[in-house]
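First the structure, which I've put down as structure tokens, then a few questions once you've had a look.
The values are calculated or read from the model by the stated rules, or taken from the named source; none is laboratory data. Keep in mind that this is a model prediction, so the values were computed, not measured. All Cβ positions, even for glycine, are placed from backbone atoms using ideal geometry, and neighbour counts span all protein chains on display.
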Amino acid sequence: MSDPLFLGFDLSTQQLKAALIDRKGHLVHESAVHFDRDLPQFGTTNGALHGDEPGEVYCPVIVWIEALDVLMSRLSTANVAFDRIVAVSGAAQQHGSVYWDGAAHSLLHSLDPSQALASQLVPEAFSTTKCPIWQDSSTTEECKIIENALGGDQAVADLSGSRAYERFTGAQILKLYRKHPRVYENTSRISLVSSFLASLFLCDIAPIEVSDASGMNLMDIEKHTWSDALLDVCGPNLRSKLGPDPVLGGTSFGAVGAYWVKRWNFHSSCIVAPFTGDNPSTVVSLSSAGDVILSLGTSTTLLIDIPPLHPGHSEAVVMPKRTTTSHLLAHPTSKGSSIAMLCYKNGALAREYVRDHHAQKDWDTFNKLVESTPPGNNGLMGFYFPLFEIIPQNVIGDYFFNNGQPVRAFDDTKVHPRAILESQLLSLKVRIEDIVPGSHGTKEEDVNDEPLKRLLLTGGGSANQVIRQMAADILDLDTYVAKSKEGGSVGGAILALYAWWKLQGAEGDLDDLKRELHMEDFQLVAKPNPETVQVYDGLDHLYRRCEKMVMQLNKHNAKDE
């Protein structure tokens with residue numbers, strides 16, 4: 001086809017979005033369906049419902065299928081040329097799960113193109129129509145069972161890439177088996193939200209993609225295969241319910257089902273590529289190997305696109321270290337690469353808290369106060385947690401230190417703005433060094449040995465030049481901001497393009513393809529100051545010691561309450 005198009009989806013918590021790109025990566029069209037606004041009959045709030053037990057959060061599967069029906073109609077109304085689409089892929093919220101029953105296979109194979117999907121699949125194709133999503137926190141007991149069976153949280157992290165988390169699929173499946181054994185028994189296959197969406201286009205149950213699978217606590221992160229040790233804990237016959245071992249993204253499952261050809265005029269040779277998770281898709285959309293993506297929104301999320309690590313100059317691949325405060329995900333398209341992820345709850349919320357209490361509720365005042373204090377804040381460190389934090393776990397409140405000694409308050413309130421920025425960024429710095437030893441900065445003379453190359457900032461805080469410069473200095477990386485806001489759906493479209501590109505006989509990896517595209521659009525906004533970098537390099541030990549004391553003080557305060 002002389003003018004092919006590539007379709008990507010993003011099934012996030014609150015909406016289903018589609019993006020269409022051409023062969024050069026130009027965005028041709030976007031459409032979206034918002035669950036609360038466009039599908040009010042299902043009663044979701046922010047795309048979810050709350051169950052009867054504490055912490056239970058789910059989305060009815062019909063919401064997602066109905067959203068796809070509506071979105072396809074909108075694409076048709078926009079005169080999208082479906083017959084020019086040669087590949088489909090996408091992304092979805094990580095950790096959500098879908099439970100098919102024994103009738104699913106035949107129902108998917110025999111879809112009637114004269115009818116919408118929802119009317120043909122729900123509820124008959126599912127053993128339960130309630131799909132737990134990433135916000136669910138009702139599986140604390142199951143997480144303890146998993147960790148006790150494997151020998152502790154670090155053992156689970158070493159094997160699967162993360163310690164046992166309530167939202168991860170392994171614990172969700174174990175809960176289903178323990179509390180609803182008949183539903184578990186009637187479940188023939190289990191999908192992630194991503195592979196569920198791929199299944200609808202394939203008209204068959206699709207395998208789970210490797211990067212999304214690494215957010216389940218069920219896959220061996222080094223071998224990229226299901227782990228018998230984890231499967232045995234989470235439910236009987238679980239391997240058959242999960243299907244084949246996870247597959248690499250950027251490959252092809254085969255052509256779209258006949259339903260899509262007859263109902264929507266897709267070309268019969270249009271391929272379906274594996275769908276991934278939303279965070280890996282962001283990496284696909286925004287970064288190249290060696291990039292660090294830092295989202296400075298309400299919360300803080302750090303994603304590290306880690307190329308294969310080599311000890312010295314040998315050829316043996318070394319996996320990044322696993323910790324109990326970070327996630328290690330397989331890269332969606334490169335078997336030797338990986339993605340490290342850090343999630344913090346108190347991001348912009350904590351910065352705004354300090355701004356409002358110590359900088360007259362004004363960002364200009366906040367920035368001037370930061371610039372009026374020296375790097376390192378003369379040994380003063382402040383930790384601010386308005387909400388219970390994820391890293392460090394379950395900490396709340398404010399904590400202050402003078403050269404490593406706890407103090408009740410700072411004598412001079414002008415030091416607070418620098419303190420909040422330094423504590424947030426130093427937390428990232430020490431954890432990056434734990435995950436990727438030797439990751440510090442880019443040096444011209446040994447650039448090939450440096451796994452991390454540049455810092456890409458996104459989110460509201462990325463517009464603040466003071467924050468940009470401090471991030472560059474503390475993380476010792478040239479710092480950029482993206483001029484565009486492409487996300488999961490565009491990442492999905494790129495994965496579709498990559499799968500098609502490989503089928504055309506192209507040689508190279510995803511980064512080779514992206515160099516052909518007209519998508520990378522970044523602006524250099526800050527470079528590390530060598531003298532300031534040296535100051536922050538000397539604070540690692542002090543920061544770690546203060547954070548450890550924060551955790552001890554938090555436990556003491558909790559006991560007093």
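Mind listing whichever residues of segment 371-406 are surrounded by 14 or more Cβ atoms within 10 Å (Cβ to Cβ) and without any contact (Cβ under 8 Å) to a residue 24 or more places away in the chain?
Scanning segment 371-406 gives Asp398, Phe400, Asn402.
Something else: Residues Thr251, Thr301, Thr325: which one is of a type in the set (S, T, N, Q) and outside any loop (DSSP other than H, G, I, E, B)?
Values: Thr251 fails: outside any loop (DSSP other than H, G, I, E, B); Thr325 fails: outside any loop (DSSP other than H, G, I, E, B).
Going through Thr251, Thr301, Thr325 in turn, just one is of a type in the set (S, T, N, Q) and outside any loop (DSSP other than H, G, I, E, B): Thr301.
Hey, another quick one. Could you run through segment 271-298 and say how many residues are assigned to a helix (DSSP H, G or I) and modelled with pLDDT of 90 or more?
6
What number of residues in segment 124-158 are in contact (Cβ under 8 Å) with a residue 24 or more places away in the chain and outside any helix (DSSP H, G or I)?
Of the residues in that region, 15 qualify.
Restricting the search to segment 16-31, which residues are surrounded by fewer than 18 Cβ atoms within 10 Å (Cβ to Cβ) and either of a type in the set (A, V, I, L, M, F, W, C) or within 14 Å of Gln93 (Cβ to Cβ) (or both)?
Leu27, Val28
Quick check on segment 144-164: of everything there that is crowded, with 23+ Cβ neighbours inside 10 Å and not small (Gly, Ala, Ser), which residue is nearest to the chain's Cα centre (by Cα)?
Arg163
Across segment 496-539, which residue is nearest to Val28 (Cα to Cα) among those that are acidic (Asp, Glu) and more than 27 Å from the chain's Cα centre (by Cα)?
That would be Glu507.
Here's another thing I want to ask about it. Quick check on this structure: which one of Asp212, Asp232 is among the acidic types (Asp, Glu) and either crowded, with 24+ Cβ neighbours inside 10 Å or closer than 22 Å to Ala103 by Cα (or both)?
After ruling out the rest, the residue left standing is Asp212.
Take the residues in segment 407-439 that are basic (Lys, Arg) and over 34 Å from the mean Cα position of the chain (by Cα); name whichever of them is surrounded by the fewest Cβ atoms within 10 Å (Cβ to Cβ).
Per the stated criteria, the residue is Arg408.
Additional query: Given Asp232, Asp245, Asp212, which one is over 23 Å from Gln504 (Cβ atoms), in contact with a strand residue (DSSP E or B) (Cβ under 7 Å, 6 or more places away or on another chain), in a helix (DSSP H, G or I) and not assigned by TED's automatic domain parsing to the domain that holds Ala499?
Asp212
If you go through segment 517-561, how many residues are aliphatic (A, V, I, L, M), modelled with pLDDT under 90 and exposed (fewer than 13 other Cβ atoms within 10 Å of the Cβ)?
Number satisfying all stated conditions: 1.
The conditions are (1) more than 30 Å from Lys262 (Cβ to Cβ); (2) in contact with a helix residue (DSSP H, G or I) (Cβ under 8 Å, 6 or more places away or on another chain); (3) charged (D, E, K, R), and Arg182 fails exactly one of them. Which is it?
With respect to (1) more than 30 Å from Lys262 (Cβ to Cβ); (2) in contact with a helix residue (DSSP H, G or I) (Cβ under 8 Å, 6 or more places away or on another chain); (3) charged (D, E, K, R), Arg182 is out only on (2).
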